[in-house]
1. With a 10 Å cut-off between alpha carbons and a GNM built on the chain, which of Ala213, Ala252, Ala148 moves the most?
2. Which entries of Lys259/Lys286; Lys166/Lys259; Lys126/Lys259; Lys215/Lys286; Lys232/Lys286; Lys126/Lys232 show an alpha-carbon separation above 23 angstrom in the structure shown?
3. Tell me, what % of the accessible area of the chain is carbon and sulfur with a 1.4 angstrom probe?
4. At a threshold of 8 angstrom on Cα-Cα distance, excluding pairs fewer than six apart, so keeping six or more, what relative contact order does the range 233-374 reach in percent?
5. When the chain is modelled as a GNM with alpha-carbon springs shorter than 10 Å, which of Ser296, Ser152, Ser100 fluctuates the most?
6. Under the Kirkwood approximation for Rh and a Cα-based Rg, what ratio Rg/Rh is obtained for the chain?
7. In whole angstrom, how far apart do the alpha carbon centroids of the range 94-163 and the range 274-334 sit?
8. Might you tell me the accessible area per residue for the range 71-117, computed with a 1.4 Å probe and given in Å²?
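The values are calculated or read from the model by the stated rules, or taken from the named source; none is laboratory data. The model shown is predicted, which means the values in this text are computed figures rather than measured ones. Ligands, DNA and RNA are excluded from the accessible area calculation, which covers all protein heavy atoms including side chains. Shrake-Rupley method; radii C 1.70, N 1.55, O 1.52, S 1.80 Å.
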Amino acid sequence: MHVTHLSLADFRSYARAEVPLDPGVTAFVGPNGQGKTNLVEAVGYLATLGSHRVSSDAPLVRMGADRAIVRAAVTQGERQQLVELELNPGRANRARINRSSQVRPRDVLGIVRTVLFAPEDLALVKGDPGERRRFLDELITARAPRMAGVRSDYERVLKQRNTLLKTAAMARRHGGRSMDLSTLDVWDQHLARAGAELLAQRLDLLATLEPLAGKAYEQLAPGGGAIGLTYKGSAPTAGAQTREELYEVLLAALAEARKQEIERGVTLVGPHRDDVALALGQLPAKGYASHGESWSYALALRLASYELLRGEGAEPVLILDDVFAELDTRRRERLAELVAGGEQVLVTAAVDDDVPGVLAGARFRVSGGEVTRG
């Protein structure tokens, strides 16, 4: 799978941009702050409905504009599709496939698939649990786009349940009479049902991803030690094999935590509270891995994601956003060799020398909001 044309309107710094793309390697080169990352960020947005740089859509719309449009022509084998997203901060986003059919934004998931490397990836190792949950859930959705609906359902139920718990907590603190919390049983069931589906997908993903990540780490840092990925759940899931068993585990954990949840006014059990423990040898990577080891670990997770997706269907677009400038010579060369054969690789760099020679291909110059080939 590869993108053959990218069109932007009022996206980030671009009033308009039309960028033809070929299979193989394409590098966007130019000084920092000129809009290189904005281009690959747009491709990534089509794949995930989110940005790797910001948590909301508002910064993606050019200053002074009401909306932004990201459109891409995509080829997969003999099939060609045109996918478009209209970003409307404060209002519902809109989507189209092949211009004529208006669909829900999440219906475009799976048309474009990406694996994106960026300096922000260090947060996978050094950051808080939310970074690792996001990594898992975006990869889950790339594997099975229907999981976008499950994630949305889970977030909706969680929000409703938290509202009820917060109201109950405030009533208790202010000496009001106790609320009728009978509806909490219903929300528990909904949360456990959606949570069990999400949890099952995460556990399956982690089991599949761990050996791939271990192999990638060895390729990037030979002799650097074994890595391990362990799921740390807010509910005791050990021994639970099926979705129904996970549902029962979550339901029991919610019941056990209810008193504390009512006191604190927040849901304390569920996938939104979970984490992945990353080990390097016998030690946790967070806090013990060096800067170089942390980089190799983060890159290994992304390379494992790439191998997983290409083995399960259409090969994803590989995006390397200003990554090589962050790496020492050895890691730079190893990473370039590992990804050079990708169906489509998009690279951003401040100068030509930051693009390893093995990644020869098309070059675009990016300056002052203009993208020119050559």
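1. Ala252
2. Lys259/Lys286; Lys126/Lys259
3. 48 percent
4. 14 percent.
5. Ser100
6. Taking Rh as the inverse mean 1/r over Cα pairs, Rg/Rh reads 1.00.
7. 20 Å
8. 52 Å²
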